[in-house]
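Undergrad: There's a structure below that I have some questions on.
The values are calculated or read from the model by the stated rules, or taken from the named source; none is laboratory data. Computed from a prediction, not measured in an experiment: that's the story for all the values here. Here Cβ is always computed from backbone atoms with ideal geometry, including for glycine, and neighbour counts include all displayed protein chains.
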């Protein structure tokens with residue numbers, strides 16, 4: 001209490017020493033604050049609108065957890081999401097993303113991805129149950145959206161061999177069965193169904209074409225109003241047919257958490273942690289390879305504006 005009183009007096013003295021011009025400084029806009037000298041600094045960040053670079057310890061464990069492999073990994077990419085309040089659509093863009101580990105070298109990348117989230121004004125189905133004295137109505141919103149992936153690739157080693165899989169194009173349909181409509185569809189959980197085509201090459205194969213159907217589950221959540229913490233999850237399964245007559249399967253599931261720790265010149269620096277499991281069969285993995293993965297490290301983000309203010313605005317009537 002005594003310390004608070006002393007600090008209050010010191011703040012009052014500093015206020016008295018300010019010139020009229022300093023006292024008339026406009027309040028900072030949303031997502032920023034001013035220090036005692038009136039200088040702006042950013043306090044809110046939108047991790048869905050940024051370019052980023054990350055450095056990690058990429059850990060892989062065998063099926064029986066009998067061996068662990070640590071690799072230095074780097075990652076870069078860009079994301080940009082916008083919400084149109086008129087048509088209730090959220091546009092999610094991913095740009096030039098890649099993660100690469102060394103010893104052995106493994107690379108995952110994406111040239112461009114797009115998904116459109118939507119919030120239907122009226123329910124697609126209305127269910128009324130009459131099992132209780134008071135009939136209850138339940139609304140089901142399908143909230144169907146579309147999406148594409150262009151240039152998704154994986155470079156995979158296995159002992160002295162390697163293969164490169166390039167998904168040239170994938171189109172899909174998203175059903176967002178959980179949404180946060182009060183915050184611009186920023187938080188969501190969706191079911192995805194799609195199909196794509198690609199090319200495969202490697203040390204033990206020729207130039208092969210392939211096609212696949214894919215089903216997946218994806219979600220993202222921002223934990224606090226300043227946008228400092230977010231969690232995402234992604235799971236997918238695909239069955240691949242190659243023109244050489246081969247068939248094989250791919251599946252993965254992962255979840256990650258990112259927390260901004262501090263900012264450097266208004267560039268947020270965050271801790272990043274991810275855990276997951278992956279399954280691969282087919283060329284180089286004839287018996288099927290199941291492994292567990294963890295990624296621990298940090299990220300620095302660029303060009304990240306403040307997270308939008310989703311608080312209800314007071315009426316002017």
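Undergrad: Residues in the range 202-212 that are part of a strand (DSSP E or B) and within 15 Å of residue 248 (Cβ to Cβ): how many?
TA: 7
Undergrad: Going through the range 265-287 one residue at a time, which ones are assigned to a strand (DSSP E or B), in contact (Cβ under 8 Å) with a residue 24 or more places away in the chain and within 30 Å of residue 244 (Cα to Cα)?
TA: Correct list: 277, 278, 279, 280, 281, 282, 285.
Residues are listed down the side, and each one gets a yes or a no for (1) assigned to a strand (DSSP E or B); (2) farther than 30 Å from residue 44 by Cα; (3) assigned by TED's automatic domain parsing to the domain that holds residue 185:
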| site | (1), (2), (3) |
| --- | --- |
| 214 | yes, yes, yes |
| 231 | yes, no, yes |
| 238 | yes, yes, yes |
| 244 | no, yes, yes |
| 257 | yes, no, yes |
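Undergrad: State whether the residues of the range 77-86 include one that is surrounded by fewer than 16 Cβ atoms within 10 Å (Cβ to Cβ), under 30 Å from residue 182 (Cα atoms) and modelled with pLDDT of 95 or more.
TA: Within the range 77-86, one or more residues are surrounded by fewer than 16 Cβ atoms within 10 Å (Cβ to Cβ), under 30 Å from residue 182 (Cα atoms) and modelled with pLDDT of 95 or more.
Undergrad: May I pose another question? Identify, from the list 235, 273, the residue that is modelled with pLDDT of 95 or more and closer than 19 Å to residue 289 by Cβ.
TA: Result of the check over 235, 273: 235.
Undergrad: If residue 133 meets every condition in (1) surrounded by fewer than 17 Cβ atoms within 10 Å (Cβ to Cβ); (2) within 19 Å of residue 56 (Cα to Cα) apart from one, which number is that one?
TA: For residue 133, the failing item is (2).
Undergrad: Answer yes or no as to whether residue 262 is loosely packed, with under 14 Cβ neighbours inside 10 Å, modelled with pLDDT of 95 or more and not in a loop (DSSP other than H, G, I, E, B).
TA: The answer is yes for residue 262.
Undergrad: Among the candidates 44, 30, 93, which residue alone is at pLDDT 80 or above and not in a loop (DSSP other than H, G, I, E, B)?
TA: Criteria check complete, one pass: 93.
Undergrad: Next up: Got a number for residues in the range 198-253 being free of Cβ contacts under 8 Å to residues at least 12 places away in the same chain and within 30 Å of residue 186 (Cα to Cα)?
TA: Here the count works out to 2.
Undergrad: Take residue 182 and tell me if it is exposed (fewer than 13 other Cβ atoms within 10 Å of the Cβ) and within 30 Å of residue 267 (Cβ to Cβ).
TA: For residue 182, the condition - exposed (fewer than 13 other Cβ atoms within 10 Å of the Cβ) and within 30 Å of residue 267 (Cβ to Cβ) - is met.
Undergrad: What are the pairs, 6+ residues apart or on separate chains, where a residue within the range 147-162 that is not assigned by TED's automatic domain parsing to the domain that holds residue 203 has its Cβ under 7 Å from a residue that is modelled with pLDDT of 95 or more and assigned to a strand (DSSP E or B)?
TA: none
Undergrad: Which of the residues belonging to the range 136-166 are part of a loop (DSSP other than H, G, I, E, B) and crowded, with 18+ Cβ neighbours inside 10 Å?
TA: Of everything in the range 136-166, those that are part of a loop (DSSP other than H, G, I, E, B) and crowded, with 18+ Cβ neighbours inside 10 Å turn out to be 141, 143.
Residue-wise test of (1) buried (at least 16 other Cβ atoms within 10 Å of the Cβ); (2) within 17 Å of residue 270 (Cβ to Cβ).
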position	(1), (2)
198	yes, no
213	no, no
217	no, no
222	yes, yes
234	yes, no
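Undergrad: Of the residues 176, 186, which is touching a strand residue (DSSP E or B) at 6+ places or on another chain (Cβ under 7 Å) and in a loop (DSSP other than H, G, I, E, B)?
TA: Matching residue, one of 176, 186: 186.
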